[in-house]
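Enquirer: The structure is given below, and queries will be raised subsequently.
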Amino acid sequence: MEEPTLQQQLEKMRLDWDERARENARYYVNTASETWSDEEFFASGERTVAEEILTDMTNICQGKEPGQMKVLEIGCGAGRVTRALAGLFGEVHAVDVSGEMVSQARKAVEGFPRAFVYQNNGKDLDVIPAREFDFAFSTIVFQHIPSKEIIENYVREVGRLLRPGALFKFQVQGDATMETRPDDTWLGVPFSEREAVEMAHRCGFEPRYRHGAGGQYFWLWFFKR
Ligand SMILES: C[S@@+](CC[C@H](N)C(=O)[O-])C[C@H]1O[C@@H](n2cnc3c(N)ncnc32)[C@H](O)[C@@H]1O
């Protein structure tokens, strides 16, 4: 089989995630339930923020008041984490490749006038208005992206928008035993520790901390130089 081009991969990501969103967006976002109520679904986003952000405020805020911070989110899905971020930080800008997911995320942040959700092309942040951001976050998104080139492009793009010293905290697939294919938009490409560190250096970040190498939840703390 011929390798798909980057454009074909992006198109497939959009189509596949739109289809998943139409079928059962909340399930594909968080497979812990097929029948999420609003309350439970948004509580799961609050839990993610409690576990990954509230425990890590020194690295994330660096002395700034959360209410004064501008935050980026890559791959917002149906908006469960976006909504929790909007309740904590001053301004939130989130992107997703799927227009169907974006519609749901926009509904999730109704009532948060400083939360903005955009459909993007699956690889860059051109849709985000020019601003200097204080923090960027992404969870259970890159683990679905079948291309290192696309993931690295996002890291570079986040670097373009973050202020110097700010943190991009994100999760990638670290389990290299997974059988991934370039046209599969469910199982993303795995990163080794070395690959992650090299990517940080190429993209202008200091890879200060890592957690969970070798597993599905490989978390990276990249600080913009
Ligand atoms: C499992 S969901 C997680 C959503 C959200 N991060 C959360 O934790 O609730 C993965 C999301 O990543 C989005 N996604 C997949 N590939 C993407 C890409 N290349 N660019 C932007 N979003 C992407 C999908 O559309 C989907 O909404």
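No lab work stands behind these numbers, since they all come straight from the coordinates. Note that the structure is a prediction, hence the values are computed from the model and not measured. Backbone-built Cβ (ideal geometry, glycine too); neighbour counts: all protein chains shown.
Enquirer: Touching a helix residue (DSSP H, G or I) at 6+ places or on another chain (Cβ under 9 Å) and surrounded by fewer than 15 Cβ atoms within 10 Å (Cβ to Cβ) - does that describe any residue in segment 81-101?
Expert: Among the residues of segment 81-101, at least one is touching a helix residue (DSSP H, G or I) at 6+ places or on another chain (Cβ under 9 Å) and surrounded by fewer than 15 Cβ atoms within 10 Å (Cβ to Cβ), which makes the answer yes.
Enquirer: Determine, yes or no, whether Val197 is within 15 Å of the ligand (Cβ to nearest atom) and either in a helix (DSSP H, G or I) or of a type outside the set (Lys, Arg) (or both).
Expert: Details: within 15 Å of the ligand (Cβ to nearest atom): no; either in a helix (DSSP H, G or I) or of a type outside the set (Lys, Arg) (or both): yes.
In short, no.
Enquirer: Right, next: Tell me, please, whether a residue that is in a helix (DSSP H, G or I), away from the ligand (no atom under 15 Å from the Cβ) and among the hydrophobic types (A, V, I, L, M, F, W, C) can be found in segment 115-134.
Expert: We begin by selecting, within segment 115-134, every residue in a helix (DSSP H, G or I); these are none.
Within segment 115-134 (the criterion being in a helix (DSSP H, G or I), away from the ligand (no atom under 15 Å from the Cβ) and among the hydrophobic types (A, V, I, L, M, F, W, C)), the answer is no, since none of the residues qualifies.
Enquirer: Let me ask something else. Helices (runs of 4 or more DSSP H) wholly in segment 17-95 with at least 3 residues that are without any contact (Cβ under 8 Å) to a residue 24 or more places away in the chain and of a type in the set (Asp, Glu) - which ones? Write out each step before concluding.
Expert: Values: elements: 38-52, 57-61, 80-88.
Helices (runs of 4 or more DSSP H) meeting the threshold: 38-52.
Enquirer: Something else now. Going by what's in this entry, would Phe112 be described as farther than 17 Å from Phe168 by Cα, part of a loop (DSSP other than H, G, I, E, B), more than 9 Å from the ligand (Cβ to nearest atom) and among the aromatic types (Phe, Trp, Tyr)?
Expert: Working: farther than 17 Å from Phe168 by Cα: yes; part of a loop (DSSP other than H, G, I, E, B): yes; more than 9 Å from the ligand (Cβ to nearest atom): yes; among the aromatic types (Phe, Trp, Tyr): yes.
When the stated conditions are applied, Phe112 passes them.
Enquirer: Among (1) in contact with a helix residue (DSSP H, G or I) (Cβ under 7 Å, 6 or more places away or on another chain); (2) crowded, with 19+ Cβ neighbours inside 10 Å, there is one condition Asp124 misses while meeting the rest; what is its number?
Expert: It fails just one condition, (2).
Enquirer: Pairs under 9 Å by beta carbon, first residue more than 20 Å from Gln62 (Cβ to Cβ) in segment 134-147, partner more than 8 Å from the ligand (Cβ to nearest atom) and of a type in the set (Lys, Arg), six or more apart or different chains?
Expert: Correct list of pairs: Thr139/Lys169; Pro146/Lys12; Pro146/Arg181.
Enquirer: Moving on to the next point. Return yes when Ile140 is surrounded by fewer than 22 Cβ atoms within 10 Å (Cβ to Cβ), more than 11 Å from the ligand (Cβ to nearest atom), assigned to a loop (DSSP other than H, G, I, E, B) and among the hydrophobic types (A, V, I, L, M, F, W, C) and no when it is not.
Expert: On the way: surrounded by fewer than 22 Cβ atoms within 10 Å (Cβ to Cβ): yes; more than 11 Å from the ligand (Cβ to nearest atom): no; assigned to a loop (DSSP other than H, G, I, E, B): yes; among the hydrophobic types (A, V, I, L, M, F, W, C): yes.
No.
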